[in-house]
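What follows is a single structure, written as structure tokens, with notes after it.
The values are calculated or read from the model by the stated rules, or taken from the named source; none is laboratory data. A quick note: this is a predicted structure, and the numbers were derived from the prediction, not measured. Here the Cβ positions follow ideal geometry from the backbone for every residue, glycine too, while neighbour counts run over all protein chains shown. The area values use the complete protein model at the heavy-atom level, side chains included, leaving out ligands, DNA and RNA. Shrake-Rupley method; radii C 1.70, N 1.55, O 1.52, S 1.80 Å.
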Amino acid sequence: EILEGLKGPMIVNYDNDLLHEWINQNEYNPIITFGIHERSDYQACNISYDLDGTTYKVNNKKVFVPVIGDAFIYNSLVAFIIGDLYQVDYEKICEVLKNLKREPHRMEFITQNDYTIIDDTYNASYDSVVYSLDVLSRLKGRKIAVLGDILELGEFSEDIHRKIGKYLAGKPIDYLVTVGSMSCYIEDEAIKNGFSLQHTRHFEQNEEAINYLDELIEAGDIVLVKASHGLFFIQIVEGLLHENK
């Protein structure tokens, strides 16, 4: 339906399986593709991450965005393409992307006392938890994942929390701390899939997790804090910042 009224170019994420298949089976002109993994008209390569953000190259031009992860690469590629279509200078495009403001509590990096908290407490879904774990696993330092319940999953809740535990077990993450009634399934499944029993703890209350983390965290650590908004995980972030002033 969008295409019925579209007269200009269509910009498509070529890494998306469904869109990739659609492009190969349908005719539309012009189509501009972008991606990371699939060969595209605008493809991000030479990707590197640090605590300041993400750097990559697209069509031999260097781009920096002050956020970390593939999702933001995709978003910035679209912005880059539109700027290019409207013949905006490369330097101007890069200046705007470089000065993007991070939204509070959404993959917000807070560095204090030589360790870093990733505050992603605004909300949570299966996909966003997986994404945040991918970001955590790419950073240097001892990695601690503090995960809480994903709410409003109904009959799928246990299964989805177990899927997260299994996924986490395959990542280079050093410690897992879970809080809530359903996140125990994350811990259980992570242990079943090889995660160290000695490096996991489950709590029912945020305050208990804060006390444990205060003893666990060392200089150089990266601590991801993520759960659905109803778990009030901002209390954990604020508790850690207060405890370590």
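On the stretch given as the stretch 71-120, residues that are under 21 Å from the mean Cα position of the chain (by Cα), within 25 Å of Asp41 (Cα to Cα) and crowded, with 19+ Cβ neighbours inside 10 Å total 6. Of the residues making up the stretch 48-68, those that are surrounded by fewer than 19 Cβ atoms within 10 Å (Cβ to Cβ) and in contact with a helix residue (DSSP H, G or I) (Cβ under 7 Å, 6 or more places away or on another chain) number 4.
Residues that are closer than 30 Å to Ile73 by Cα number at least 3 in the following helices (runs of 4 or more DSSP H) confined to the stretch 134-245: 157-169, 234-243.
Residues that are of a type in the set (A, V, I, L, M, F, W, C): which strands (runs of 3 or more DSSP E) entirely in the stretch 21-85 hold 2 or more of them?
31-35, 42-50, 61-65
Would you call Tyr86 touching a Ser or Thr at 6+ places or on another chain (Cβ under 8 Å), at pLDDT 95 or above and more than 30 Å from Leu240 (Cα to Cα)? Taking the combined requirement at face value, the residue does not satisfy it.
Any residue at all in the stretch 45-53 that is of a type in the set (Ser, Thr, Tyr), at pLDDT 95 or above, more than 14 Å from the chain's Cα centre (by Cα) and on the phi < 0 side of the Ramachandran plot?
No: the stretch 45-53 contains no residue that is of a type in the set (Ser, Thr, Tyr), at pLDDT 95 or above, more than 14 Å from the chain's Cα centre (by Cα) and on the phi < 0 side of the Ramachandran plot.
When the stretch 10-28 is filtered for residues that are open to solvent by 100 Å² or more (accessible area, probe 1.4 Å) and acidic (Asp, Glu), the ones remaining, listed by number, are Asp17, Glu27. In the stretch 1-20, of all residues being at pLDDT below 95 and assigned to a loop (DSSP other than H, G, I, E, B), the one that is nearest to the chain's Cα centre (by Cα) corresponds to Asn16. Can you name the residue in the stretch 133-180 that is at positive phi and touching a residue at least 40 places away in the same chain (Cβ under 8 Å) and is also least open to solvent (accessible area, probe 1.4 Å) among such residues? By that ranking, first place goes to Gly180.
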